[in-house]
Amino acid sequence: MTADPARRNERSRRAILTATLELLGETGYSELTIESIAARAGVGKQTIYRWWRGKGAVVLEALVDSTMAAAEPITLPDSGDIRADLRAVLRATVAEFADPKLSATTRAITIETLSDEALAEQVRDQLLRPQLDAVKARLRAGQQAGQVREGIDLDQAVELLFGPLYHRWLLRNGPLTESYADGVTDLALAAIAK
């Protein structure tokens with residue numbers, strides 16, 4: 001569990017999060033250490049351990065913080081064409097998974113969540129939930145526009161869209177391409193569209 005953010009020195013916190021992102025870009029997740037973050041940030045490693053449980057929690061907060069600082073609340077485009085909008089989102093997801101450094105970090109955090117329930121909850125609630133909720137909101141708008149069937153479970157529809165991408169990425173059982181993303185979109189819409 002992270003410490004109360006109000007008790008943190010904001011300048012040190014910012015230095016730690018900045019150092020974490022810089023080092024991730026330079027060394028990748030597997031080579032990143034609390035010691036290297038502390039050295040780059042100019043703080044003692046005990047400061048980091050006082051505020052975070054470990055490397056995964058620091059990286060998660062740095063990613064969430066940079067995402068929140070860079071953007072407004074997540075909303076999907078609504079061009080009026082649900083198929084085109086969902087294809088764009090799934091293609092963007094495939095592109096993120098294809099980025100070797102981002103994918104390596106995501107894979108490493110995913111591994112840590114398997115044995116750390118608190119971290120898994122944080123990843124789900126802070127990193128994944130805003131994105132998945134944005135897709136759910138776009139599907140709801142599709143229902144209101146008569147493009148998506150009424151009465152379907154929108155959470156399951158979101159999983160139907162992203163589950164195959166995560167499965168293929170996690171197991172590496174095939175290439176993640178735009179055509180694959182388009183195929184998943186088409187199959188999911190065959191199940192949920194009016």
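Out of Tyr180, Tyr166, report the one residue that is among the aromatic types (Phe, Trp, Tyr) and touching a Pro at 6+ places or on another chain (Cβ under 9 Å). Write out each step before concluding.
Values: Tyr166 fails: touching a Pro at 6+ places or on another chain (Cβ under 9 Å).
After applying the criteria, what remains is Tyr180.
Provide a single number: the residues in segment 174-193 that are among the aliphatic types (A, V, I, L, M), open to solvent by less than 50 Å² (accessible area, probe 1.4 Å) and closer than 22 Å to Gln144 by Cβ. Before the answer, list the steps.
Taking segment 174-193 first, the residues among the aliphatic types (A, V, I, L, M) are 176, 181, 184, 187-193.
Narrowing the set further to residues that are open to solvent by less than 50 Å² (accessible area, probe 1.4 Å) leaves 176, 181, 184, 188-189, 191-193.
Filter again for closer than 22 Å to Gln144 by Cβ, leaving 188-189, 191-193.
Here the count works out to 5.
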- Item | Residues being among the aromatic types (Phe, Trp, Tyr), crowded, with 19+ Cβ neighbours inside 10 Å and either in contact with a strand residue (DSSP E or B) (Cβ under 6 Å, 6 or more places away or on another chain) or part of a helix (DSSP H, G or I) (or both) - total across segment 23-64 | 1
- Message: So if I check each of Asp85, Asp155, Asp78, which one is in a loop (DSSP other than H, G, I, E, B), of a type in the set (Asp, Glu) and over 23 Å from Arg13 (Cβ atoms)?
- Response: Asp78
- The one condition Glu112 fails out of (1) assigned to a helix (DSSP H, G or I); (2) open to solvent by 70 Å² or more (accessible area, probe 1.4 Å); (3) of a type in the set (Asp, Glu) is (2)
- Query: If the Cβ limit is 6 Å and pairs must be 6+ apart or interchain, which residue in segment 143-165 that is more than 15 Å from Ala193 (Cβ to Cβ) pairs with which residue that is open to solvent by less than 50 Å² (accessible area, probe 1.4 Å) and not small (Gly, Ala, Ser)?
  - Reply: Pro164/Val184; Leu165/Thr93
- State all residues of segment 115-136 that are open to solvent by 60 Å² or more (accessible area, probe 1.4 Å) and not in a helix (DSSP H, G or I); if no residue qualifies, say none. Ser115
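The values are calculated or read from the model by the stated rules, or taken from the named source; none is laboratory data. Worth saying up front: this structure is predicted, and the values here are computed from it rather than measured. Ideal geometry is used to build each Cβ from the backbone, glycine not excepted, and the neighbour counts take in all protein chains shown. Areas reflect the complete protein model, heavy atoms only, side chains present, ligands, DNA and RNA absent. Shrake-Rupley method; radii C 1.70, N 1.55, O 1.52, S 1.80 Å.
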